[in-house]
Amino acid sequence: MKTILICILWICFLGSFAQTKRNDSNKTYLLKLRAFDSDNQANLEGTYMKLFNRTKGKVIDSAMVKNGFATFKLDKGNDYDIVGQFDQYMTRRANFNAACYLQDPKKIFCVSGIIIENISKIADNSDLVEAAIGLKKINLNDIYQVENIHYDFSKWTLREDAKKELDNLILILQDNPGIVVELGSHTDSRASTEFNQTLSQKRAEVAVEYIVWNGNIPKERITAKGYGETQLLNHCKDGVNCSEKEHAVNRRTEIKILGYVVNGTPVELKRGTAITGAKN
């Protein structure tokens, strides 16, 4: 699941950014946020929201979705994470960066992980931002593809760029302490079946070892599984001439939901078959 940064350009004002800049130093945003089921679009009343100020490095507010919304006050010049939690749903992290104009003056604020539904002016220096955050219900066997886990050719040593992506996966597991998962590694069809099976198992094992060690994740919550070339996503099997891009589709790392535990007790989950991105 790739996180897409959406730069919101203010279209309600006729004046340019430079013309209004002198009045913007104390600007605030009132974020009115609803939560919904990303599969059926139903509103999730009672979703718990936490607001983390990345600029100040601390949680500054929390609220429960009530009567359809949770509301937070955000200050210009600060970068915020919003964390949404609902029972038997994957915890979702989103970002509202009210400081991205410092890198690009053409931008007013930037968001990822939330959908902007409406923007309106409510006071001289305050704007109402109505938005939504989607949460995905936890289903047994749901598969989340982890992007950008790359290895050198025929190697299983973790590269630095792969470690950064595994750090994101660690955060997902920390945010969702009840899920039990399998980390599966897949190869393309080049090289022998036996070699690819061994290679994928070793890659899965080193990735799991990194997660357990660096994320303090209990070993019983994550298992390593190498699939080799047994689950190709396209036609590129042995003997078929394919491009590098086509082979790359089959080289992937996935997380599969094996179970969900609450207070030490397994919770029965509905079976699912969804394949989606792993980033929240």
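The values are calculated or read from the model by the stated rules, or taken from the named source; none is laboratory data. Small disclaimer: the values here were computed from a predicted structure and weren't measured. We place every Cβ from the backbone using ideal geometry, glycine too, and count neighbours over all the protein chains shown.
A few comments on the model shown:
- Considering D127, D188, the condition of being in the same structural domain as A42 (by TED's automatic domain parsing), crowded, with 18+ Cβ neighbours inside 10 Å and more than 29 Å from Y89 (Cα to Cα) is satisfied by D127 alone.
- Any hit, the stretch 109-127, residues being within 28 Å of V249 (Cβ to Cβ) and among the aromatic types (F, W, Y): no
- So M49, is it closer than 25 Å to N168 by Cα and modelled with pLDDT under 95: no
- Of the residues making up the stretch 119-153, those that are of a type in the set (A, V, I, L, M, F, W, C) and within 27 Å of N97 (Cα to Cα) are I119, I122, A123, L128, V129, A131, A132, I133, L135, V146, I149.
- Among residues of the stretch 156-184 that are not assigned by TED's automatic domain parsing to the domain that holds G84 and among the basic types (K, R), those with a beta-carbon under 9 Å from a residue that is surrounded by fewer than 16 Cβ atoms within 10 Å (Cβ to Cβ) and part of a loop (DSSP other than H, G, I, E, B) at least six positions away or on a different chain give the pairs R159/H150; R159/D152; K164/N148.
- Screening the stretch 82-102 for residues that are under 23 Å from the mean Cα position of the chain (by Cα) and over 30 Å from L258 (Cβ atoms) and picking the one that is surrounded by the fewest Cβ atoms within 10 Å (Cβ to Cβ) gives A99.
- Matching strands (runs of 3 or more DSSP E) fully within the stretch 105-213 where at least 3 residues are over 16 Å from the mean Cα position of the chain (by Cα): 115-123, 126-135, 179-186
- Check on D152, of a type outside the set (G, A, S), surrounded by fewer than 18 Cβ atoms within 10 Å (Cβ to Cβ) and touching a Ser or Thr at 6+ places or on another chain (Cβ under 7 Å): no
- Filtering the stretch 227-239 to residues that are in contact with a helix residue (DSSP H, G or I) (Cβ under 9 Å, 6 or more places away or on another chain) and part of a loop (DSSP other than H, G, I, E, B) leaves E229, T230, Q231, L232, L233, N234, H235, C236, D238.
- Taken over the stretch 41-56, the residue count meeting the criterion of being touching a residue at least 12 places away in the same chain (Cβ under 8 Å) and on the phi > 0 side of the Ramachandran plot is 1.
- Criterion (touching a helix residue (DSSP H, G or I) at 6+ places or on another chain (Cβ under 7 Å), aliphatic (A, V, I, L, M) and more than 16 Å from E254 (Cα to Cα)) met by exactly one of I170, I211, I217, I222: I217
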